[in-house]
Amino acid sequence: MGVDFQHWCFACGRLNPAGMHLDVDVTRSGAETRYVGQQQHQGYDGTLHGGVVAALLDETMGWAIFHQGIWGVTAKLDVKYRRPVPVGEELRVTAEVVRDRGRGIELHGTVARASDGEVLAEADGLFLRMPEERKAQLERRYSSARDAFEKVRAAVAAEERASEDPALPVRSELRKSGAASRERAGGEPTAIGREEGARS
């Protein structure tokens, strides 16, 4: 995608050796990531630390708006831990926009076991749009983000058109680090490669 993800964000940065190094798939109003809990991120033996679970939800919610070009910050995150989240099992983390209230955007997210879909944790979040001055600073720091967002929006729109009319051979392709990013038809998410992301 041509966006610099060489930074220290715990969730998506590639420079942080203790981070989660997440990849994300996006739709017009949502995001999804997969993650296998690591021993270094556990609380009690075999259980993912609750703070890491919250970070998964927070990051995925952030991407649900960030890929649209919205620079936001978390104002509130209300997490409900339904079951222990295991280390070593693949998790599916999803987030979707519930309501855009202008400056504030409400989102809902879930962490589920990928093998059977059981919801282990969920959260409601409120993100606030950044002040223009701070947004301008970050756009300078991540100078290629705007072009990347345009590519993502174009790919999402193409997939939506293809899902509405299966006869349309519309298949755009985003590329990251010289490798093709995954892209799916039928309204499923378009992948953003976090190897080259912009959110810190």
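The values are calculated or read from the model by the stated rules, or taken from the named source; none is laboratory data. Just so it is clear, the structure is predicted and the values come from calculations on it, not from any experiment. When we count neighbours, we look across all protein chains shown, and the Cβ atoms used for this are built from the backbone with ideal geometry, even at glycine.
For the reader, a short list of remarks on this structure follows.
- Of the strands (runs of 3 or more DSSP E) entirely within segment 21-81, none holds at least 3 residues that are in contact with a Ser or Thr (Cβ under 7 Å, 6 or more places away or on another chain) and farther than 30 Å from ALA158 by Cβ.
- Count of residues meeting criterion [out of contact with any Asp or Glu (no Cβ under 9 Å at 6 or more places or on another chain) and farther than 18 Å from GLY30 by Cβ] in segment 82-104: 8
- Scope segment 56-72; condition surrounded by fewer than 23 Cβ atoms within 10 Å (Cβ to Cβ) and either at positive phi or among the acidic types (Asp, Glu) (or both); matching residues: ASP58, GLY69
- Of the residues screened, ARG140 is not one that is assigned to a strand (DSSP E or B) and more than 30 Å from GLN39 (Cα to Cα).
- Of everything listed in (1) in a strand (DSSP E or B); (2) among the hydrophobic types (A, V, I, L, M, F, W, C); (3) modelled with pLDDT of 65 or more, the single unmet condition for ALA191 is (3).
- Top-ranked residue in segment 78-116 [being among the small types (Gly, Ala, Ser) and closer than 28 Å to PRO131 by Cα; ranked as surrounded by the fewest Cβ atoms within 10 Å (Cβ to Cβ)]: GLY102
- Conditions (1) outside any strand (DSSP E or B); (2) of a type in the set (Val, Ile, Thr); (3) free of Cβ contacts under 8 Å to residues at least 40 places away in the same chain; number of the one not met by VAL98: (1)
- Cross-chain or 6+ apart pairs with Cβ under 9 Å, segment 104-131 first and touching a residue at least 12 places away in the same chain (Cβ under 8 Å) and over 23 Å from PRO86 (Cβ atoms), then among the aromatic types (Phe, Trp, Tyr) and surrounded by 17 or more Cβ atoms within 10 Å (Cβ to Cβ): GLY104/PHE127; ILE105/PHE127; GLU106/PHE127; LEU107/PHE127; ARG129/TRP71; MET130/TRP71
- Any chance ARG141 is closer than 19 Å to MET20 by Cβ and surrounded by fewer than 18 Cβ atoms within 10 Å (Cβ to Cβ): no
- ALA75 being loosely packed, with under 14 Cβ neighbours inside 10 Å, over 30 Å from GLN42 (Cα atoms) and aliphatic (A, V, I, L, M): no
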